[in-house]
Structure formats: structure tokens, C-alpha cells
Amino acid sequence: MSFTDAYGTWEVIASSYQPSQEWIIHSPPVTQYSLLRFKFLTDWGRWKNPYDGYRSMLLIRGHYYNDSENSDWITGQRTVYVTEEPQLINYPPVQEFTDNPSVIRRLGVRRRFFKNATWIENHPTMDLKFDVTIEAFVS
């Protein structure tokens, strides 16, 4: 799904998605996109209080697939911190993979706690979850 706002045209990669601690690979390809926008939604009152729960961050990485060779590669991950303002991340594709027209890049996403995640599993009310909308800048 694409839409246009005051900044340009965007392709929605994931909408109001609550990331888990496992890698999820989103199906819309982001092969030709470099600029990604992340919009977060959470209980900001609790999020801003350092003693009111465990905060986490978002990790992203590129997953490259070559259908003709049935092979895939994973590239380096980046950290996106949860903020009230939308985050713009320049995450260009790796040129050596995208020079081949049969290679498709998808975005892998997972959340990661700042501290020991096993503690939070035993204290679920302390888990400050968030939703994220991921968009790719088209033009």
C-alpha cells in the first residue's frame, strides 16, 4: 500500500505491528528503497519513566533472496530506538546483491531488550511493548 504525505510518497512495509523477540521477515520487498521511516506507538507516560518497566529497541537487517539460485544472504543489523517522533533511517541495499535483477531484499525486524530478557519473561507487567509502522520512501 502506498500513500503520499507532505514529504513524498511512501510504501507501507508493516502497519501497527508489534515486534517480537524473534526475527520476522516482512514480505514487501524493499530492494530499491534506502530511506525507511519508523513510527512508534506505546504508553509514552510509562515509557518516559525509567522505573516503570523494561524498554526495548528495534533491530533491522536486510534479507536478500535470489530466486534463480534459491539462495539467501543476511546483512548487518541496525538499531532503531523507540521515540515519539518518527525515526528516519538511511538503510541502502548492498550494491553487490542488487546489481543482480533476480535478487530481492526484504526487511527483517525483531525487538531486543536493553537488559536481560529472561527476567522480563517472569515479570510480564514490566514489559513496555510498542507498535511500529514501517514505511519506505518511494519518491
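The values are calculated or read from the model by the stated rules, or taken from the named source; none is laboratory data. Remember, predicted model here, so these are calculated numbers, not experimental data. Cβ placement follows ideal geometry from the backbone for every residue including glycine, while neighbour counts extend to all protein chains displayed. Heavy atoms of the whole protein, side chains included, go into the accessibility calculation; ligands, DNA and RNA do not. Shrake-Rupley method; radii C 1.70, N 1.55, O 1.52, S 1.80 Å.
Any residue at all in the stretch 41-57 that is open to solvent by less than 30 Å² (accessible area, probe 1.4 Å), modelled with pLDDT under 90, on the phi > 0 side of the Ramachandran plot and not polar (S, T, N, Q)?
Checked the stretch 41-57: at least one residue is open to solvent by less than 30 Å² (accessible area, probe 1.4 Å), modelled with pLDDT under 90, on the phi > 0 side of the Ramachandran plot and not polar (S, T, N, Q).
How many residues does the stretch 5-34 contain that are touching a residue at least 60 places away in the same chain (Cβ under 8 Å) and in a strand (DSSP E or B)?
Result for the stretch 5-34: 12.
Would you mention how many residues in the stretch 59-71 are closer than 13 Å to Val94 by Cα and either of a type in the set (Asp, Glu) or under 15 Å from the mean Cα position of the chain (by Cα) (or both)?
Total satisfying the criteria: 3.
Restricting attention to the stretch 35-58, and to residues there that are part of a strand (DSSP E or B) and closer than 26 Å to Thr9 by Cα, which single residue is farthest from the chain's Cα centre (by Cα)?
By that ranking, first place goes to Leu41.
Among the residues of the stretch 86-95, is there at least one that is modelled with pLDDT under 85 and open to solvent by 30 Å² or more (accessible area, probe 1.4 Å)?
yes
Would you confirm whether any residue within the stretch 80-97 is touching a Pro at 6+ places or on another chain (Cβ under 9 Å) and not acidic (Asp, Glu)?
no
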